[in-house]
Amino acid sequence: MSDTAPPEDPQNTPLPDMVPQEEAPSQKDGDPRKSDMYRRVTGIGTSARQAMLVPALALLTALIIGAFIIAVTDVDTLPLWGSDPGEALKATVTGIFDAYKALFVGSVGSLDAISETLFAATPLILAGLAVAVGFQAGLFNIGVNGQMHIGGMAALWVGFTFAIPAVFHIPLVLAAALVGGALWAGLAGLLKARTGAHEVITTIMLNFIALFLVDYLLKSSLFQAPGRNDPISAPANPSSVFTTLFGDYRVNIGFIIALAAVAIVWWLMYRTTVGFEFRAVGANPSGGRYAGMSVAWIYVSVMAVSGALAGIAGANQIVAVEPYRAISNFAGNIGFDAIALALLGRSHPVGVLFAGLLFGALRAGGREMQGAAGIPIDLVLVLQALIIVMIAAPELVRSIYRVKTPDQEITTVTTSGWGG
Amino acid sequence: MTLELRGITKQFPGVLANDDVNLSVSEGEIIALLGENGAGKTTLMNILYGLYTPTKGEVIVDGEPLVLDSPGDAIAAGIGMVHQHFMLVPVFTVAENVVLGDEPTKSLGWIDARRAKKAVTEISSRYGLDVDPDAIIEDLPVGFQQRVEIIKVLAREARFLVFDEPTSVLTPPEVDRFFEIVNELRADGKGIIFISHKLGEALEIADRIVIMRRGKTVAEVVPADVDEEKLAELMVGRPVDLVVSKAKAEPKDVVLAVKDLTVLDDRNNRAVDSLSLEVRAGEIVGIAGVQGNGQTELVESLTGLRPSLGGVVELNGNDITTLSPRAIHNLDIAHVPEDRQKSGLVLPFTVAENIVLDSYHERPISKGILMDWNAARDRATRLVEEYDVRTPSIEVQVSNLSGGNQQKVIVAREFDRDVKLVIASQPTRGIDVGSIEYIHGRIVEERDEGAAVLIVSSELEEIKALSDRILVMYDGRVVAEFDPSVSTTEIGLAMLGSQSEEEAS
Amino acid sequence: MTAIAEGAEVTSKRRATPAEKRATVIGIVLIALAVFTFWAFGLGVTSGLESKFNLSLPGARFDDLSWTVNSRMVGFVVSLILAFLGGMTLRRSHLKWTNLGLSIGLGLFAFSFLTWAAADGSFSLVGMLTSTVVLSVPVTLGALTGLMCERVAVINIAIEGQLLTSAFVGTIVGSAAGIWVGLVAAMLTGAILGAVLAVLAIKYRIDQIIAGVVINIFALGITSFLARRVLSASQELNSPGRFGSIKIPILGDIPVIGPMFFDHNMFVYVTFILVIALHFGLFYTRWGLRSRSVGEHPKAADTVGINVYRTRYRNVILGGLIAGFGGAFLTLAQVSRFEENLTAGIGFIGLAALIFGRWRPLGVLGAGLVFGFARALQQKLGILGTPIPSEFLSMTPYIVTLIVVAGVVGRARPPAADGQPYIKD
């Protein structure tokens, strides 16, 4: 039996059984003692050092487990353990060392590597922001994948239909992506607002629908590259392509756009009435309603904003990545990574930025790891999943390392079932 | 046969909930345990019921110390608890709830429904409880649900029964009936502990009264030796004004007019059924009635949170029936909601953010979509001072505040305007006496400044103390209107739907 | 005294109840469907064409049973019935029958659609119905997993991951040690993942949806990783055997019903048995009563001495076993190899089936069959060669899920404590 008492206001000396007594009527709507996803990374009483500690330890643990997985799945070396353990140990350690060295070199070992990291981080940051905005409002946007596809296709269409100077073309591309993503996500928001349908299921279904829609479009005359039979699109015009920043390196204005997005989302969430409403509804929808907020409309708006960000991420995958074409499932795993990012970054825009950079580094490094050391890049997925688990459960990290977690560490989003 | 709590101490991080508490009850005895909210009564009972382990002290039955690690241990020792908020599964039947945890089974774990039903009917008829074993809990009126809780406890052969605030959900006639049952139980040799903050009831039913304050037992008295005022003083530690002092009301024009309002509840039943009422400027109208007779839906409808099915609501002659909550707010209507943690506040937000929860979209707190946090902080600082909200700072999460202070935040926010109409629902539920006094005072102040005030409360004492006019709501309608000087019994009868004394026989 | 006199002039309109509003919407939908059917499946079909529905499989005992209809007439007749149903619903006179009318209407619409698709050709109706049953199995099993978890108030989004991972493990172990060992391994995998979810949700009180999503990401990652690292090198680990069909004598020969229900691999039979067992278990046994109490009102269960935590762990792990069984079905019965992302959303469709089936085993079975039908439709139409592009056909199950979830959720009541961690103080 654990003894949990809420923090006390000394001047009134309320006693512990005061809270349970009052809470009981509202027990159905989630335990008010639980902190929720709304909280900022610079939470009250949390020093920067403490806020960084858990993610750092999580990363370390993930790498250790990853090393173990690499070792255990090294099919060539496995039989060696039986015959020559010494040799096997050497081979295994070398294997792990090579893998992680490649990871490091590939992500920050050179200017090119850094460029690759930023390049890979761009869509991750945007997608992570999309999910984070949703989380702050208490919504799970699992549909970033589909929104990226729709936004990306819209962007592509604008990309190859017009041939105007880049200074006009690129904003137009962004606008199309924004609208496409916003509409696709807004649909899920609308369903939730009008019918109570839970956005987890609806957005996932919309993901699949978008996927097939893209496949269809890639074979249609409108999009398909002339002269090709496979599902690949015509390329976007050069005037719509995101300009690179430093000569031959791949990092481009997409990264700048991502940084701008971070700033805009921060401003929106913490400095505007819109953000205030988003966060209020995320923390307590009943309270929001009572305060006169139109919760249904807010759900739609949140999803639209979220989808818009995802749409831009999708556009990035088209007009920032050679050969500037769309193929089937061009959004890849970014949608799922985005969820990890949002959790890692505690749904705060700056947190998402850093998390995005980290994952970008893992990606760039992971590619090197696959090329140089032969480790499939899916290991990065595993590493990411491990990191999230430990972020989402600081107690896990704490019990492993016997570290004190900050007082008001957030752990969860408050959910109360399927809604409706 | 005695149940004794000896030297019980319970330490929580930062708070001493029980401090060397001593209490004993014998079979065939009724003890009332009095104390205001937060005095430590529930903690003590949770220890008795095995939900907490005491830091020090023992629970002793018939001279034998008990180890109580779970409710199962308590039940085995013959201790039964009837909780304030019923521990009944709403979608199960009476029989299912009664046998839960101790089900009669046939082979393979198949439940023997016949034996389960028999267990219920046996006890029900023995004590005249009149409960149908196949009824579904959520369809039963609250008074009957309580009887199911009692049957649950008796089915496990409890010798000592603990009742936690048993009458908070009962009408006065139901309370009388409840006391009859309790007396039966006493005559049957059960020992009973009866937790309450209702002074009159303690005086009426108990053989002995134990008073707790701030975790300690401060007094033990016999009803013959004390009266309500003395009890209140013992409970709070200082003389308490039990009556709200206010000038006579001088009502002016009708501000709120409700005509034939019909509202559906979540299960599509008519919670409010062609209801009509009026509130004038400068008067306090109190709606009395047991919770569940449509008061919640009425308030939600008046404040725009629930659509109505038919009827009209007018504010100073203007039709506001279908307005949104925000529009209603803009008409200078203040709403203190009945569930402050669910509707009134956003708990993870700071005090400052909660203070501007209703005004964030207007100047000076925001211009367009840009929020002016300096203005917000200024307002919060001013209101916290003005309304005596005890908080370390305005940047603290409002969840850290005590219930009373949370309620003051809401009241501060709502009353900080030129208010024409106040709608307050259960305004002092679950808060300490000091805050109760303060909020009552503020409500009367609003009335004296010309606002029309509508109070909904299930605490009849509060209604009688505050109102200039009392309306009784039953089954979705206003069934009676009284002057506050009328006897509690008469109001109670109306609360149960009876029209007058003639029908009482 | 109250100042409102009786009979005062009152402008009280009666606004529509939610049920009436819903009836209006459904009525309009039905009428729209009627118009569409008339135009597309009636007028849109050249007159004189016939659709032939095969009612028996080649080689069956009662061979060559079929039912032929005039394609155009069906379109017209169905559109009339739909219009009638729509009209009756709009009148809002019998609100109780709204759902029934909708179901019948949708069923007829589907039939009319098939007739149109099969115009001037034949269509194996029995084949389609049999596929419906088979394709419903993973959905139903996924939904039953969700049922076990949600009945004790633990939301399980990780069904997809459980299915995927246990399918993977089933393949490898099945290839190495035989299909029965593979089956056991798969079930254990599902149970282990269930245990992980349970620990995350119950002990660490992580938001259950996040925990589920995390497990899914992890499952996708690890199965893809291992598939590439291990399977592509050793193909022999990706060819487990297959569980064959077992035909029940006599019952299996009944036309239409026979092949539909009594001629399948054992997974199908077990699924049906499991549904019935859970129905009785949940609603008639002590285990069921206690589990449900934990899901509806854990505090009440706690106070009568039921161990809420232990009940939740146990049921979630049992659910995991079921998911493992479902995963095994995918790679040891349905196909005989593992592919990346084999499940393609079946777990989530299962969740929708759970909601659609109102958290009851029999309801879940029905819902599973509906989704199985959608999946079978997708396959069969592909073969038929309708003018609808294949990508749109692929969308069918997902669109159906979307419609179901949007149309049903608001009205269904999950277990009261669903999604809320239990904090014992």
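Numbers for the structure displayed
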quantity	calculated
The stretch A:297-312, residues that are within 14 Å of chain B (Cβ to nearest Cβ) and either crowded, with 24+ Cβ neighbours inside 10 Å or modelled with pLDDT under 90 (or both)	A:Ile298, A:Val305
Number of the exception - B:Ser276 against (1) hydroxyl-bearing (Ser, Thr, Tyr); (2) assigned to a helix (DSSP H, G or I); (3) within 15 Å of B:Leu256 (Cβ to Cβ)	(2)
Residue count, the stretch C:250-265 (criterion: surrounded by fewer than 22 Cβ atoms within 10 Å (Cβ to Cβ) and out of contact with any strand residue (DSSP E or B) (no Cβ under 6 Å at 6 or more places or on another chain))	10
Some residue of the stretch B:410-417 being of a type in the set (Val, Ile, Thr) and either over 16 Å from the mean Cα position of the chain (by Cα) or within 14 Å of another protein chain (Cβ to nearest Cβ) (or both)	yes
Complete set of residues in the stretch C:20-43 that are within 27 Å of the chain's Cα centre (by Cα) and crowded, with 21+ Cβ neighbours inside 10 Å	C:Ala23, C:Gly27, C:Leu30, C:Leu33, C:Ala34, C:Thr37
Residue match in the stretch B:291-301 (condition: without any contact (Cβ under 8 Å) to a residue 40 or more places away in the chain, surrounded by 24 or more Cβ atoms within 10 Å (Cβ to Cβ) and out of contact with any Gly (no Cβ under 9 Å at 6 or more places or on another chain))	yes
Some residue of the stretch B:181-193 being in the same structural domain as B:Ala74 (by TED's automatic domain parsing), part of a strand (DSSP E or B), of a type in the set (Val, Ile, Thr) and modelled with pLDDT of 85 or more	yes
Enumeration of residues in the stretch A:239-254 that are touching a residue at least 40 places away in the same chain (Cβ under 8 Å) and out of contact with any Leu (no Cβ under 9 Å at 6 or more places or on another chain)	A:Ser239, A:Val241, A:Phe242, A:Thr243
All positions within the stretch C:321-363 that are outside any helix (DSSP H, G or I) and either within 19 Å of C:Asn216 (Cβ to Cβ) or not assigned by TED's automatic domain parsing to the domain that holds C:Pro397 (or both)	C:Phe338, C:Glu339, C:Glu340, C:Asn341, C:Leu342, C:Thr343, C:Ala344, C:Gly345
Subset of the stretch C:83-139 that is within 30 Å of C:Ala23 (Cβ to Cβ) and among the β-branched types (Val, Ile, Thr) - its residue that is surrounded by the fewest Cβ atoms within 10 Å (Cβ to Cβ)	C:Ile104
Residue in the stretch B:365-382 that is more than 19 Å from A:Thr273 (Cα to Cα) and assigned by TED's automatic domain parsing to the domain that holds B:Glu446 present	yes
Unmet requirement for B:Gly50, which otherwise passes all of (1) in contact with a strand residue (DSSP E or B) (Cβ under 7 Å, 6 or more places away or on another chain); (2) modelled with pLDDT under 85; (3) more than 7 Å from chain A (Cβ to nearest Cβ)	(1)
Boolean, A:Ala113 is under 23 Å from A:Leu245 (Cα atoms), at pLDDT 85 or above and buried (at least 22 other Cβ atoms within 10 Å of the Cβ)	no
Residues that are more than 9 Å from A:Gly311 (Cβ to Cβ), in a helix (DSSP H, G or I) and not β-branched (Val, Ile, Thr), drawn from the stretch A:175-199	A:Ala175, A:Gly186, A:Leu187, A:Ala188, A:Gly189, A:Leu190, A:Leu191, A:Lys192, A:Ala193, A:Arg194, A:Glu199
Residue list for the stretch B:331-378, filter: more than 8 Å from chain A (Cβ to nearest Cβ), surrounded by 21 or more Cβ atoms within 10 Å (Cβ to Cβ) and either small (Gly, Ala, Ser) or closer than 15 Å to A:Val281 by Cβ (or both)	B:Ala334, B:Ala352, B:Asn354, B:Ala376
Residues satisfying the stated conditions in the stretch B:1-18, i.e. of a type outside the set (Gly, Ala, Ser), within 14 Å of another protein chain (Cβ to nearest Cβ) and surrounded by fewer than 18 Cβ atoms within 10 Å (Cβ to Cβ)	B:Thr9, B:Gln11, B:Pro13
Scan of the stretch B:189-203 for residues that are charged (D, E, K, R) and more than 18 Å from B:Glu459 (Cα to Cα), ordered by number	B:Lys190
Search result, residues across the stretch A:115-142 that are among the β-branched types (Val, Ile, Thr) and either within 12 Å of chain C (Cβ to nearest Cβ) or within 16 Å of A:Ile312 (Cα to Cα) (or both)	A:Thr122, A:Ile125, A:Val131, A:Val133, A:Ile142
Flag for C:Ile246 being at the interface with chain A (Cβ under 8 Å from one of its Cβ atoms) and among the β-branched types (Val, Ile, Thr)	no
Condition check for B:Val61: within 29 Å of C:Leu289 (Cβ to Cβ) and either facing chain C (nearest Cβ under 8 Å) or of a type in the set (A, V, I, L, M) (or both)	no
Among the candidates B:Glu103, B:Glu122, B:Glu138, residue that is touching a helix residue (DSSP H, G or I) at 6+ places or on another chain (Cβ under 7 Å) and acidic (Asp, Glu)	B:Glu103
Subset of the stretch B:106-129 that is more than 14 Å from chain C (Cβ to nearest Cβ) and not in a helix (DSSP H, G or I) - its residue that is surrounded by the fewest Cβ atoms within 10 Å (Cβ to Cβ)	B:Gly128
Yes/no for B:Glu461 being of a type in the set (Asp, Glu) and either modelled with pLDDT under 80 or outside any helix (DSSP H, G or I) (or both)	no
C:Ala119 part of a loop (DSSP other than H, G, I, E, B), touching a residue at least 12 places away in the same chain (Cβ under 8 Å) and either in contact with a helix residue (DSSP H, G or I) (Cβ under 7 Å, 6 or more places away or on another chain) or outside the structural domain of C:Gln378 (by TED's automatic domain parsing) (or both)	yes
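The values are calculated or read from the model by the stated rules, or taken from the named source; none is laboratory data. Here the structure is a predicted model, which means the values were calculated and not measured. Glycine also receives a Cβ, built like all others from the backbone with ideal geometry; neighbour counts cover every protein chain displayed.
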